[in-house]
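Report on the following structure.
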Protein chains: 2
Amino acid sequence: MLKKELLYEGKAKKIFKTENDLELLMEYKDSLTAFNALKKGEFAGKGALNCKISTLIFETLSKNQVKHHWLKTLEGNQMLVQKTTIIPLEVVVRNVIAGSLAKKLGRKEGETLVQPLVEFYYKDDALADPFVSDDQIVAMGWADLATLEHLKKEAGKINQVLKSMFEKIGLKLVDFKTEFGRNAKQEIILADEISPDCMRLWDLETNKKMDKDRFRQDLGEVEESYQEVYQRLQKGTQI
Amino acid sequence: MLKKELLYEGKAKKIFKTENDLELLMEYKDSLTAFNALKKGEFAGKGALNCKISTLIFETLSKNQVKHHWLKTLEGNQMLVQKTTIIPLEVVVRNVIAGSLAKKLGRKEGETLVQPLVEFYYKDDALADPFVSDDQIVAMGWADLATLEHLKKEAGKINQVLKSMFEKIGLKLVDFKTEFGRNAKQEIILADEISPDCMRLWDLETNKKMDKDRFRQDLGEVEESYQEVYQRLQKGTQI
């Protein structure tokens, strides 16, 4: 057994120590949460499904020279990842206006942005992860400007890879949220899952939502949509 | 009579056309509003008082080569200003953490920032003037990066002048909010009042609040505080 003591339990994942100080075991949970965990749900097998989807995505990112924490996927809902010190920012990349940005700016969902937009949110559940500007981040000492520029560049590169990958399987990548951390070599690497829990995916033809918005907005067919994303990805990445 | 038809009525000011197409007449109102006008109040003479305070501040800014819209002050609560096309951003400069920033980041009021912080809010009453990042502003086409850098530089310069001016009269400039516009020559100039309605001023010795927070927070002595700011400024700028 690789798994040792529990280090952290989040809304959708548990993180365990392993026998190797440089590696952590990440276990995907079946729970679904939204609106800063005010809304809760789950479906059996969601953890394993997100683990499999994330795996296919990490493999694709590897082929495209994106540095990330994933090392290998174990059975079921577990993967082994590099240990990192997380930069306390949620990094959001948007291709299309939706969700909180649509609400904040009074725009309709679906308007394509001229170029991808990167946003930062300060990771703090008690404060409901507030949206912050580059200057606020620097003023509060959470990261310096050079790090923010690096994060934007990396997030932009990841966006290009994912966008193209999803387009090939008939899905539009509307936006996604991720996190970065510093590994033992002090490299800044992608250090979060990438799954329908933290991205918006719309069917290219029908605009059907295929992501956690089905849960957030009570649209039904949550499990079926996650399953379909996985099946399309599996076919797509085999080509 | 210079004053012609009413062009615009805001929460604290009325703007009139004049006989000169390049100039506007700005009339300061006695009303006080807070929380996006959910809270309303007034005191007689507040408009004239803010007009006099703004005048002293504009004179000081002139001596420090800051470009602004003020041309001259007329009787009572009226001033003549250059006509500008307003950039749709509220520009906030902070020296000390207070107000919405303290609330958003869960910090206590009063913590001095290592260096002044400039923030942008998109001017839209219906959306309650949302806080926006540089990248969001550029993505939405409200201003380009070069303009934002220019605004930050100008706001920083204004902050230095005001901070020093207030320190001389025993007041700490905690933060202030202003706006910029483009005049007929397409110069970007300061184009808003500068008064205790849109800044936080704390007595340097006692930390007593001397600004609109007295109204926002029901602290009493609103009129007396505005009066004292004016009297101290009047003495200070005569030296």
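The values are calculated or read from the model by the stated rules, or taken from the named source; none is laboratory data. This one's a predicted model, so the numbers in the text were calculated from it and none came from an experiment. Every residue, glycine as well, gets a Cβ built from its backbone with ideal geometry; the counts of neighbours run over all protein chains shown. Heads up: the accessible areas ignore ligands, DNA and RNA and are worked out on the full protein's heavy atoms, side chains in. Shrake-Rupley method; radii C 1.70, N 1.55, O 1.52, S 1.80 Å.
Quick notes on this one:
- Take each residue of peptide B:24-34, count the partner chain Cβ atoms within 10 Å of its Cβ, and average: the result is 0.
- Only helices reaching 15 angstrom along their own axis (Cα) with mean Kyte-Doolittle hydropathy no lower than 0.0 count here, and for the DSSP H runs of chain B these are B:46-63.
- Selected from B:LYS29, B:LYS104, B:LYS208 as most flexible by GNM, with chain B as the system and alpha-carbon contacts under 10 Å: B:LYS104
- Copy-to-copy label separations for A:LYS185, where each label sits 7 Å from Cα toward Cβ, in nm and ascending: 5.6
- Greater than 29 Å apart at Cα, pairs in A:LYS46/A:LYS67; A:LYS46/A:LYS163; A:LYS40/A:LYS235: A:LYS40/A:LYS235
- The chain A residue nearest the rotation axis shared with chain B, using its Cβ and rounding the distance to whole Å, is A:SER133, 2.
- Per residue, in Å², the accessible surface of chain A once ligands and nucleic acids are set aside, probe 1.4 Å: 47 Å²
- A DSSP coil position with no more than 10 other Cβ atoms inside 10 Å describes the following GluC sites (Glu not before Pro) in segment A:1-74: A:GLU5, A:GLU19.
- Beta bridges per DSSP with both ends in segment A:45-200, % antiparallel, nearest 5: 95 percent
- For the residues A:SER195, A:SER133, A:SER100, a GNM of chain A with alpha-carbon springs under 10 Å puts the largest fluctuation on A:SER100.
- Sequence-separation-based contact order of chain B, relative, with Cα cut under 8 Å and 6+ spacing, percent: 18 percent
- Calculated label separations, A:GLN238, copies of the chain, 7 Å along the beta-carbon direction, nm: 8.9
- Neighbouring Cβ atoms from other chains, within 10 Å of the Cβ of residues in A:113-119, number 4 on average.
- For A:LYS39, inter-copy label distances in nm, listed shortest first [label point 7 Å out on the Cα-Cβ vector]: 3.3
- The percentage of C-alpha pairs in segment B:6-82 whose separation is greater than 22 Å is 28%.
- Tensor-based shape of chain B (alpha-carbon gyration tensor, a/c under 1.5 rounded, otherwise prolate or oblate): rounded
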